[in-house]
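Colleague: Have a look at this one.
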């Protein structure tokens, strides 16, 4: 009888302790939501302060309110992610959107990319998440740095190659992507009022495709 009483008492103490450990204060959850909203639906583990926020995060992971993108990076599932550029930029901060992603962004192609095309330096090593799908292009420092510009989407800085570098990439990789896509990109570029032929020629010269660019463009001018 004494033994049974002790077991029951111990069980009650354990239940009480577990409740205390899993209890998530409301302010911890609210603070976590504030951080997610301020970062376009993303949270980095280094931004978490205090045990209450960690318990809130674990609870949100358990009820599928939050998805772990990679180590130290989380996404709020019900947040409206209109543009994958934000998610990819958080996953690969050094990445620069290029090729089909850049062409589609500038309206140079009607081909909708099923992957996010991102350039990184050839000596970089990154771990890709399961989602969103990302296709990497490893470039030497000279080619990687040329034409990088920054745009903002939802207060998030995004690296992307500028218009002229993107056109040069279409010509440079014409055999890989197909001549039909390369000609489409060049044709739509020529139609733009904000085109800069001087910059395009300079890029083409640096990338050693100046003659090829001229041959492609002349029949369209």
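The values are calculated or read from the model by the stated rules, or taken from the named source; none is laboratory data. Since the model is a prediction, treat every value here as computed from it, not as a measurement. Methodologically, a virtual Cβ is constructed for each residue, glycine included, from the backbone with ideal geometry; neighbour enumeration extends over all protein chains shown.
Colleague: Just to be sure I understand, how many residues within the stretch 124-146 are closer than 17 Å to residue 90 by Cβ and over 17 Å from the mean Cα position of the chain (by Cα)? First the steps, then the outcome.
Modeller: At the first step, the residues of the stretch 124-146 found to be closer than 17 Å to residue 90 by Cβ are 124, 126-134, 136.
Keeping just the survivors that are over 17 Å from the mean Cα position of the chain (by Cα) gives none.
So the answer is 0.
Colleague: Collect the residues in the stretch 31-75 that are outside any helix (DSSP H, G or I) and farther than 19 Å from residue 158 by Cβ, keeping them in residue-number order. Don't jump to the end; show me each part of the working.
Modeller: Residues of the stretch 31-75 that are outside any helix (DSSP H, G or I), as a first pass: 39-44, 48-50, 63-75.
Of everything in the stretch 31-75, those that are outside any helix (DSSP H, G or I) and farther than 19 Å from residue 158 by Cβ turn out to be 48, 49, 50, 63, 64, 65, 66, 67, 68, 71, 72, 74.
Colleague: Does the stretch 85-101 include one or more residues that are in contact (Cβ under 8 Å) with a residue 60 or more places away in the chain, touching a helix residue (DSSP H, G or I) at 6+ places or on another chain (Cβ under 7 Å) and assigned to a loop (DSSP other than H, G, I, E, B)?
Modeller: yes
Colleague: Please go through the stretch 110-123 and pick out each residue that is surrounded by 13 or more Cβ atoms within 10 Å (Cβ to Cβ) and either at pLDDT 90 or above or within 13 Å of the chain's Cα centre (by Cα) (or both).
Modeller: We begin by selecting, within the stretch 110-123, every residue surrounded by 13 or more Cβ atoms within 10 Å (Cβ to Cβ); these are 111, 113, 115-121.
Of everything in the stretch 110-123, those that are surrounded by 13 or more Cβ atoms within 10 Å (Cβ to Cβ) and either at pLDDT 90 or above or within 13 Å of the chain's Cα centre (by Cα) (or both) turn out to be 111, 115, 116, 117, 118, 119, 120, 121.
Colleague: Just for the stretch 149-161: of the residues that are surrounded by 12 or more Cβ atoms within 10 Å (Cβ to Cβ) and in contact with a helix residue (DSSP H, G or I) (Cβ under 8 Å, 6 or more places away or on another chain), which one is farthest from residue 208 (Cα to Cα)?
Modeller: Keep residues of the stretch 149-161 that are surrounded by 12 or more Cβ atoms within 10 Å (Cβ to Cβ), which gives 149, 151, 153-154, 156, 158-161.
Keeping just the survivors that are in contact with a helix residue (DSSP H, G or I) (Cβ under 8 Å, 6 or more places away or on another chain) gives 153-154, 156, 158-161.
Details: 153: 33, 154: 37, 156: 34, 158: 28, 159: 24, 160: 21, 161: 18 Å.
Once the filter is applied, the top-ranked residue is 154.
Colleague: Report whether or not residue 107 is surrounded by fewer than 15 Cβ atoms within 10 Å (Cβ to Cβ), in the same structural domain as residue 128 (by TED's automatic domain parsing) and more than 15 Å from the chain's Cα centre (by Cα). Working first, answer last.
Modeller: Values: surrounded by fewer than 15 Cβ atoms within 10 Å (Cβ to Cβ): yes; in the same structural domain as residue 128 (by TED's automatic domain parsing): yes; more than 15 Å from the chain's Cα centre (by Cα): yes.
Yes: the conditions hold for residue 107.
Colleague: If residue 94 satisfies every condition in (1) under 15 Å from residue 70 (Cβ atoms); (2) modelled with pLDDT under 90 but one, which is the exception?
Modeller: Checking residue 94 against (1) under 15 Å from residue 70 (Cβ atoms); (2) modelled with pLDDT under 90, the one that fails is (2).
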